[in-house]
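One structure below.
The values are calculated or read from the model by the stated rules, or taken from the named source; none is laboratory data. Small disclaimer: the values here were computed from a predicted structure and weren't measured. Note: ideal-geometry Cβ built from the backbone for every residue, glycine included; neighbour counts use all protein chains shown. Ligands, DNA and RNA are stripped out before the accessible areas are found, and what is left, the full protein with its side chains, is counted by its heavy atoms. Shrake-Rupley method; radii C 1.70, N 1.55, O 1.52, S 1.80 Å.
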Amino acid sequence: MKADIFEHLAAKDHEQVTFCYDEESGLRAIVAIHNTTLGPALGGCRMWPYKSEEDALVDVLRLSRGMTFKSAAAGLNLGGGKAVIIGDPKKHRTEALFRAYGRFVEGLGGRYITAEDSGTNVRCMEWVRMETSYVTGISRALGGSGDPSPVTARGVYMGMKAAAQARWGSDSLAGKHVSVQGVGHVGFHLVKHLIEEEDAKVTVCDIDADNLKKVKEKYAVSIVDPEAIFDVKADIFAPCALGGVLNENTIPRLQVEVVAGAANNVLASEKRDGRALVERNIFYAPDYVINSGGLINVANELEGYNQERALKQAEGIYEIILRIYEIAKREDIPTHKAADNLALRRIAEIGKLRGMYSPTARSTRKPPSLYGVS
Ligand code: NAD
């Protein structure tokens, strides 16, 4: 890398970047810790055949910073971190490699807690766990949190109700028409909440015929072609498939008043598309806040997993979306910006508290609870 690494760190205020190399297993990993003001940095480990080391570094710096905002906005006592392993998940996912990675994570002494991400899975995390306890995303059978999607979907559902409250002055979704893009793990559970708890009218699309069949067999939903989902005349659009779906081509087609779904990085360009939604008077529930149930789920694992508690905490997303709405209104800014401001303010306020002398807090340097959704 030609550029000065410290310049990369300074550009977005990263605390620490660790490069991990093990010749035997072929491990080449980078762990980035962005900010630990609120607690240990938690974030997944992505495995990808990056074209260059610089691409891997840029990605891990971007992703770890995103985790700081996500944890802070979700009200968790966690900081932001992420790891990348340079390699092809189809060829290089071995026990030795993940155990080597686990030993490096252990060496960070709890400043970073790892989890699965694209290219890694529960099996990989179980190998990591053989070397360190600073890992989440373990299977239910081994005392972990297992599939996060029911908790994510609960959070999306409650966030959608809050968005309805912000947009229409009532959080009831009864009779509202919701178009859902993608009925995979999260989308399926979301449809269940919408129909069983709200009696909403639901239109879905998916590129996977089996997933469509599964939802159609259980619920009275309408189905449209994937390309037609943006043109459905509905009240709410719930993107639950992939990122970047809202852009200069799709936003003008939307015939809804609210966007609230699980997908990450929904806006192709935050600045341009966040503004475009405001101009169309569409309320946008920021993706990283409304889908933070997945993070809340794994954070729960750190203190002994209990799904009931995780579901309850995910319901706190309702209040957070309303707070974001208030900030956006008061400061006349788009909601994605308001979410960032909420996160930054919490970090600043709680960070100041840490300057207050307390013998126990100083000796343990650990917040009272790893999660604390208000
Ligand atoms: P999933 O893979 O189980 O489901 C995604 C579904 O979208 C699949 O059924 C897939 O066939 C469908 N799909 C893909 N491309 C499509 C297209 N062009 N049009 C219509 N459908 C399409 O994934 P998931 O776990 O349900 O996650 C959904 C989204 O939510 C992802 O963006 C994910 O990153 C995000 N998310 C998930 C969680 C979680 O707990 N699973 C947590 C936070 C964020």
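Of all residues in region 284-292, none are among the charged types (D, E, K, R) and surrounded by fewer than 23 Cβ atoms within 10 Å (Cβ to Cβ).
Evaluation of V259 against the conditions (1) closer than 23 Å to R167 by Cβ; (2) more than 11 Å from the ligand (Cβ to nearest atom); (3) surrounded by fewer than 22 Cβ atoms within 10 Å (Cβ to Cβ) shows that the sole unmet condition is (3).
With closer than 23 Å to A74 by Cα, touching a residue at least 40 places away in the same chain (Cβ under 8 Å), more than 16 Å from the ligand (Cβ to nearest atom) and open to solvent by 10 Å² or more (accessible area, probe 1.4 Å) as the only criterion, which of K161, K176 stands out? Can you show your working first?
Values: K176 fails: closer than 23 Å to A74 by Cα.
Just a single option satisfies the conditions, and that option is K161.
Among the residues making up region 212-223, a single one is within 25 Å of the chain's Cα centre (by Cα) and farther than 13 Å from L190 by Cβ: L212. In region 87-98, the count of residues that are buried (at least 20 other Cβ atoms within 10 Å of the Cβ), under 26 Å from I317 (Cβ atoms) and either hydroxyl-bearing (S, T, Y) or not assigned by TED's automatic domain parsing to the domain that holds G159 (or both) is zero.
Which residues, counting only those in region 298-337, are touching a residue at least 24 places away in the same chain (Cβ under 8 Å), within 17 Å of G274 (Cβ to Cβ) and in a helix (DSSP H, G or I)? Of everything in region 298-337, those that are touching a residue at least 24 places away in the same chain (Cβ under 8 Å), within 17 Å of G274 (Cβ to Cβ) and in a helix (DSSP H, G or I) turn out to be I321, I324, Y325, T335, H336, K337. Restricting A338, A361, A276 to those that are surrounded by 14 or more Cβ atoms within 10 Å (Cβ to Cβ) and at pLDDT below 95 reduces the list to A361. Of everything in region 198-256, what is touching a residue at least 40 places away in the same chain (Cβ under 8 Å) and among the acidic types (D, E)? Give them in sequence order. Selection gives D235 alone. Is it the case that A299 is closer than 18 Å to Y157 by Cα and either assigned by TED's automatic domain parsing to the domain that holds A234 or open to solvent by less than 40 Å² (accessible area, probe 1.4 Å) (or both)? No. Number of residues in region 237-255 that are at pLDDT 95 or above and within 16 Å of the ligand (Cβ to nearest atom): the value is 12.
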